[in-house]
Amino acid sequence: MAKRTVAVGKVNIGNSTVSIQSMTNTKTDDIDATIAQINRLSEAGCQLVRCSVPDEKSAIALKEIIKNVTVPIIADIHFSHKLAIMSADAGVSKIRINPGNIGGVDKAKYLADYLKERKIALRIGVNGGSLDAAHKSKPLAVAMRDSALEYVSVLEKCNFYDIVISAKSSNVKVMIDTYRLLDKACEYPLHLGVTEAGLYHTGIVKSSIGIGSLLCDGIGDTIRVSLSDDPIKEVEAAKDILKACDKYDKPYCEIISCPTCARTNIEVKALAEQVEEMCKDIDKQLKVAVMGCVVNGIGESQGANLGVAGGKDKSAIFVDSKYVETVDNSLILPTLRKYILEY
Ligand code: SF4
């Protein structure tokens with residue numbers, strides 16, 4: 001369903017590009033460490049950063065943090081609408097609440113009125129583990145959708161519409177089902193994520209399936225990959241998911257490489273890594289292939305704009321699936337770069 005656009009500072013969520021979010025894991029009241037991590041996240045490509053606000057010291061710290069960063073900051077609030085108010089006063093661009101623990105409808109309404117006056121967006125972050133008793137007998141995806149929509153209607157009664165919705169689950173199937181239901185049911189932008197996704201490898205697999213499936217269906221307006229790891233890795237993974245789903249909004253060189261087999265003549269993995277590194281500064285939308293043999297290399301890399309098919313000492317360079325020249329293996333990298341820049 002077409003979505004509303006919700007402004008979160010300088011980032012618009014909904015009906016445009018899919019924005020990348022992450023979350024700090026410093027203590028928010030450690031102002032220097034939090035600023036440093038937000039700036040690292042921003043340099044890595046993160047467009048929105050969320051900070052936990054577990055206490056008043058953290059809410060107060062947000063003011064100084066916001067002065068020293070360039071990305072919009074989101075306050076993550078549980079249990080206390082007072083901390084949400086304090087975070088709004090500190091200048092955050094969005095507040096994330098879990099409606100199941102914010103303290104009831106009256107507090108949610110009070111918060112909505114407060115945020116509306118200040119043009120601060122609100123994310124309703126429904127969590128399968130803290131649903132109202134009224135929804136608990138339903139299938140989990142339906143219960144999460146209904147719980148989110150119930151709070152949407154509370155906010156709409158306050159004429160508050162700057163709403164983003166998330167309904168994360170650690171179960172990928174439940175997460176996908178819930179977002180599909182939400183997408184059909186409402187016009188608010190959706191923040192996608194698999195929660196408690198786990199350690200690096202498992203977390204990326206789960207997030208790629210969950211977030212990626214939805215993005216490929218055209219569902220989702222902003223994403224967060226959750227990993228028990230350095231949040232910079234979340235941003236890198238989010239970028240890769242967007243690229244794989246054709247949702248990345250900047251030109252880049254995609255490196256494809258063959259899986260290698262008994263015909264492989266060159267160190268495909270090492271060369272592909274070097275080509276990837278070499279292409280980092282090239283803002284052209286190109287597909288570059290690193291293939292291990294000349295027997296199948298050119299044929300198997302259909303769709304690549306150019307690439308190399310490895311031979312024992314010399315390798316074939318090809319452009320648009322056509323052989324163009326043979327180079328000594330020591331010259332593969334500079335030759336590929338030349339053809340990439342010329343393309
Ligand atoms: S391109 Fe060549 S080396 Fe690579 S997997 Fe295919 S046949 Fe094997």
Exercise. Stretch GLU117-PHE79 to full length: gain in nm at 0.36 nm per residue minus the Cα-Cα span?
Worked result: 11.5 nm
For this session: With a Förster radius of 41 Å, plug the Cβ-Cβ distance of LYS63 and LEU333 into 1/(1 + (r/R0)^6) and report the FRET value to the nearest 0.05.
Result: 0.25
Exercise. All other residues with a Cβ under 14 Å from the Cβ of TYR252 taken together, and with Lys, Arg as +1 and Asp, Glu as -1, what is their net charge?
Worked result: -2
Problem set entry | Whole-number Å³ per residue for the convex hull built on Cα positions in the chain | 141
Problem set entry | 11 Å beta-carbon shell around ALA134, net charge (K/R +1, D/E -1) | -1
For this session: Report, in degrees rounded to the nearest 10, the 0 to 90 angle that the Cα long axis of helix 56-67 makes with the longest principal axis of the chain.
Result: 50
For this session: Please give the helix 81-90 orientation as an angle from the longest Cα principal axis of the chain, in degrees from 0 to 90, rounded to the nearest 10.
Result: 60
Exercise. Calculated FRET efficiency, LEU199 and GLU150, Cβ-Cβ r, R0 45 Å, to nearest 0.05?
Worked result: 0.85
Seminar exercise, completed: Label model pair TYR343, GLU56: point-to-point distance (7 angstrom along the Cα→beta-carbon line) in nm is 5.9
Exercise. Isolated Cys in the chain by the 4.7 Å beta carbon test?
Worked result: CYS46, CYS51, CYS158, CYS186, CYS216, CYS245, CYS258, CYS261, CYS293
Exercise. Where is the GNM fluctuation largest for the chain (alpha-carbon springs, 10 angstrom cutoff): ILE31, ILE97, ILE282?
Worked result: ILE282
Problem set entry | Helix 105-118 vs. the chain, principal-axis angle (Cα, 0 to 90°, nearest 10) | 70
Exercise. Between THR70 and CYS216, what FRET efficiency follows from the Cβ-Cβ distance if R0 is 30 Å, with the result rounded to 0.05?
Worked result: 0.45
Exercise. Where both partners of a DSSP beta bridge lie in the chain, what percent of those bridges are antiparallel, to the nearest 5?
Worked result: 25
Exercise. How large is ³J(HN,Hα), in whole Hz, for each residue of the stretch 207-212 in order, when computed from phi with the Karplus curve 6.51 cos²θ - 1.76 cosθ + 1.60 and θ = phi - 60°, using x for Gly and Pro?
Worked result: 5, 5, 5, x, 5, x
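Just to be sure I understand: of the beta bridges DSSP finds with both ends in the stretch 253-342, what percent are antiparallel, rounded to 5? List each step's numbers first, then the result.
Numbers: 10 of 19 bridges.
Close to 55 percent.
All of the numbers you see were taken from the coordinates with simple rules; none came from a lab. Small disclaimer: the values here were computed from a predicted structure and weren't measured. Cβ sites come from the backbone with ideal geometry, for glycine too, and all protein chains shown count toward neighbours.
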